[in-house]
2 protein chains.
Amino acid sequence: MSIAIALDAMGGDAAPGIVVDGAAMAIARNAELRFLMVGDEAKLLPLLARRPELRRAVELRHTPDVVTSDVKPSVALRQGRNSSMRLAINAVKDGDAAAAVSAGNTGALMGIAKFVLKTLPGIDRPAICAIMPGKQRSVVFLDLGANVDCDAENLIQFAVMGVVYARAVLGIERPTLGLLNVGTEDLKGGDVVREAAAMLRASPLAADFKGFIEGNDITNGEVDVAVTDGFTGNVALKVAEGTAQLLTGALREGFSRNLFTKLGYLVARPALRSLRERFDPRMHNGAMFLGLGGVVVKSHGGTDALGFSNAIRVAADLVAKGTNDRITEEMSAVHSALEQPSAEAAAS
Amino acid sequence: MSIAIALDAMGGDAAPGIVVDGAAMAIARNAELRFLMVGDEAKLLPLLARRPELRRAVELRHTPDVVTSDVKPSVALRQGRNSSMRLAINAVKDGDAAAAVSAGNTGALMGIAKFVLKTLPGIDRPAICAIMPGKQRSVVFLDLGANVDCDAENLIQFAVMGVVYARAVLGIERPTLGLLNVGTEDLKGGDVVREAAAMLRASPLAADFKGFIEGNDITNGEVDVAVTDGFTGNVALKVAEGTAQLLTGALREGFSRNLFTKLGYLVARPALRSLRERFDPRMHNGAMFLGLGGVVVKSHGGTDALGFSNAIRVAADLVAKGTNDRITEEMSAVHSALEQPSAEAAAS
């Protein structure tokens, strides 16, 4: 069964080159893929002409308009009605594609996707979700910035989406779940996280809810799914990226100091290469926009073809595993369980 | 002029050994120091007997009580009236010491310090502050967990405390300041950070306020002082620590894979050693509790003697530079400036 994916061919620092090359890499791995490539025909046709294998799997949809990387979401929404980003999302809405992938402006993509696709039943706000490398395992982490202010109900919805993702796409039968906080004791943290913890304990997720976790528990891989509000999640993600860059930069500097350390680098190269491969951000590329009424994946704006091909793979996985239907079902089960005790409380 | 520092000799995983050894290291570097060592005499006397040099600079204050690492702040406050931690803080209050240093339970230390020492004039809530290593420079970062919920006024107070610290203790003439947010545009983030930004722009700190910064700007060293609420700051700090551990662990693993990579390690050692020295957490040990009516420094609970000696150095610096008086002055100037326009607004 083929899966049609709409590609915003003009989004990202090195578009449309990396989009076309990434699509070619993705199709070489998965021959079931079909692409609806939205963008400037004059730029795309020459690139596709060189890739007959890919060309056969591509339907082109021409538009000269693009959403630039610095435009505000509200402006992109009003003025970008004919942009490659908007038309890619529209294709999901219209059923021409099962998912959309874009390396463009994150805020604009979320704004347009929310406006066009709305949210899934039972979900008030979509979240941005990514996989973080951890010590014992990779961790599904959300929200990474879609929602700056969150209430307990939002956090519960993020928890459900993260757990369904881990179960359906990563194949973890019973994913464990943690709520990010400043301490692991029950009394720590603000009202919102404490209320969310109480709700999770009364829900069908209770058995796999490990309570509060701290920042270092993510990198330790203490749980499969880590949930927080979009402000904290965004800062945490960027601090992790920044720390990794700082350390690898200092390592490079250390090795380039003198002839002896340079020799050290040559001999250490195999060990360093294995490190680089494990933490290659391109392998973790593709932030899922979970909770929307359609599958949308955001590739990193600065990624290359390999990274973009991985974002396509993530989108195809989300579609193949029926993630959105699973989220709706699980959310409904959680809401039923949570309504139970409050109905009793109202009666008493 | 000698500086008397009260030491909670029983706080920390390896107390009292690291406290005594750390004090000896500190006094070897700075002969002006005097210590009021609070703790179990039976344990301290044998340790001090082996260090006659240190012994002469130490006044012992015996108590058998300790605040354990897992006790709640409220319990430590009620039941720990005779603990080594409480008596060390009391010594600051009573003028027997100019500062207190403890490697014990952070929450208990903050709770006791707040209760005994109160806050400085103009400061509603103290903050936990530390130095983060960055690419271009080290960054003064606060609050790291003392205040989970913060309003704009709290963030302004943290900003003043951070700037005064950078100016007085680090000797940076005009420290630049950033407010942690999820994006650098003015419209990003929640109400609290936006309000705080507006207040900073109307204050004497305006010229050096660089606006919003993101998580990776801390490790990039974009500003001298980075301000956020205690929830976000605590998560950010622990994510940074966790990421550094994850990477160094993976590096170690990469080098221990086979004979060839082990050889690589031997040759690469000088480069790796320079990296370790730069990021040695013991050199950055000592989280300042800024905003209290007395100088209190928290050493990491798991640190060794070198780390503890650095926490003592931080405390001595805070005292020598008159940091608390500077904070009171600067805060008063900021409040005067902020009251100006609102008085006009009320009149119009």
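Taking Cα centroids, how far is the stretch A:198-238 from the stretch B:164-214 in Å?
With the stretch A:198-238 and the stretch B:164-214 each reduced to a Cα centre, they are spaced 29 Å.
How long are the semi-axes of the equivalent ellipsoid of the stretch A:81-130, taking √(5λ) for every eigenvalue λ of the Cα gyration tensor, in whole Å from largest down?
Details: eigenvalues 58, 38, 20 Å².
One finds semi-axes of 17, 14, 10 Å for the stretch A:81-130.
For a test of understanding, tell me how many lysine pairs in chain B have Cα atoms under 26 Å apart, given they are 8 or more places apart or on different chains.
The result is 27.
Chain B: longest stretch without exposed GluC sites (Glu not before Pro) (DSSP loop, at most 14 other Cβ within 10 Å), sites themselves excluded?
It runs B:186-348.
For the stretch A:259-308 and the stretch B:297-317, what is the separation of their C-alpha centers, rounded to whole Å?
For the stretch A:259-308 versus the stretch B:297-317, the Cα centre distance is 37 Å.
Listed highest first by mean packing, meaning other Cβ atoms within 10 Å per residue, what order do B:11-24, B:313-326, A:67-80 come in? Please report the intermediate quantities before stating the final value.
Working: B:11-24: 23.4, B:313-326: 19.6, A:67-80: 16.4.
Most protected by this proxy first, the peptides run B:11-24, B:313-326, A:67-80.
List the distances, in nm to one decimal, from the label point of A:Glu153 to the label points of the same position in every other copy, shortest first, placing each label point 7 Å from Cα along the Cα-to-Cβ direction.
In nanometres, ordered from closest: 3.1.
Going 7 Å from Cα along the Cα-Cβ axis for the label, what nanometre distances separate B:Ser138 from the same residue across the other copies?
Copy-to-copy label distances at B:Ser138, shortest first: 3.7 nm.
Set Lys and Arg Cβ to +1 and Asp and Glu Cβ to -1, take the dipole of the protein assembly as shown about its Cα centre, and tell me which of A:Gly233, A:Pro133, A:Ala250 lies farthest positive.
Positive-most Cα among the choices belongs to A:Ala250.
Rounded, prolate or oblate: which fits chain B when a ≥ b ≥ c are the square roots of the eigenvalues of the alpha-carbon gyration tensor, with rounded for a/c under 1.5 and prolate only if a/b beats b/c?
oblate
Only loop residues by DSSP count here, and only those with at most 11 other Cβ atoms within 10 Å; note down the trypsin sites (Lys or Arg not before Pro) in the stretch B:1-71 that meet that.
Working: sites: B:Arg29, B:Arg34, B:Lys43, B:Arg50, B:Arg55, B:Arg56, B:Arg61; in loops: B:Arg50, B:Arg56.
Within the stretch B:1-71, the qualifying trypsin sites (Lys or Arg not before Pro) (loop, at most 11 other Cβ atoms within 10 Å) are B:Arg50, B:Arg56.
Provide Rg and Dmax in Å for the stretch B:29-77, with only Cα atoms included in the calculation.
For the stretch B:29-77, the Cα-based Rg and Dmax read 13.8, 39 Å.
If you place +1 on the Cβ of every Lys and Arg and -1 on the Cβ of every Asp and Glu, how big does the dipole about the Cα centre of chain B come out, in debye to the nearest 20?
Numbers: 37 positive and 39 negative charges, 304 e Å.
Dipole size: approximately 1460 debye.
For B:Glu53, which inter-copy label distances result when the label point lies 7 Å beyond Cα on the Cα-to-Cβ vector, reported in nm to one decimal and in ascending order?
7.1
What is the spread of the Cα atoms of the stretch A:182-232 along each of their three principal axes, largest first, in whole Å?
28, 22, 22 Å, listed from the longest principal axis down.
Above 33 angstrom, tally the Cα pairs of the protein assembly as shown and express them as a % of all pairs, no decimals.
Looking at the protein assembly as shown, the distances longer than 33 Å represent 55 percent of pairs.
If the only charges are +1 at each Lys and Arg Cβ and -1 at each Asp and Glu Cβ, what is the size of the charge dipole of the stretch B:197-348 around the Cα centre, to the nearest 20 debye?
1060 debye
How big is the dipole moment of the protein assembly as shown about its Cα centre under a simple scheme where the beta carbon of each Lys and Arg is +1, that of each Asp and Glu is -1, and everything else is neutral? Debye, nearest 20, please.
Using Cβ point charges on Lys, Arg, Asp and Glu, the protein assembly as shown gives about 2520 debye.
Can you show me the helix-derived [θ] at 222 nm for chain B, built from DSSP H runs with n ≥ 4 at -39,500 (n - 2.57) apiece and divided by the number of residues, rounded to the nearest 500.
Helix-only estimate at 222 nm: -16500 deg cm²/dmol.
We did not get these values from a lab; they are worked out from the coordinates using the rules stated. Given the structure is predicted, the values throughout are model-derived calculations rather than measurements. All Cβ positions, even for glycine, are placed from backbone atoms using ideal geometry, and neighbour counts span all protein chains on display.
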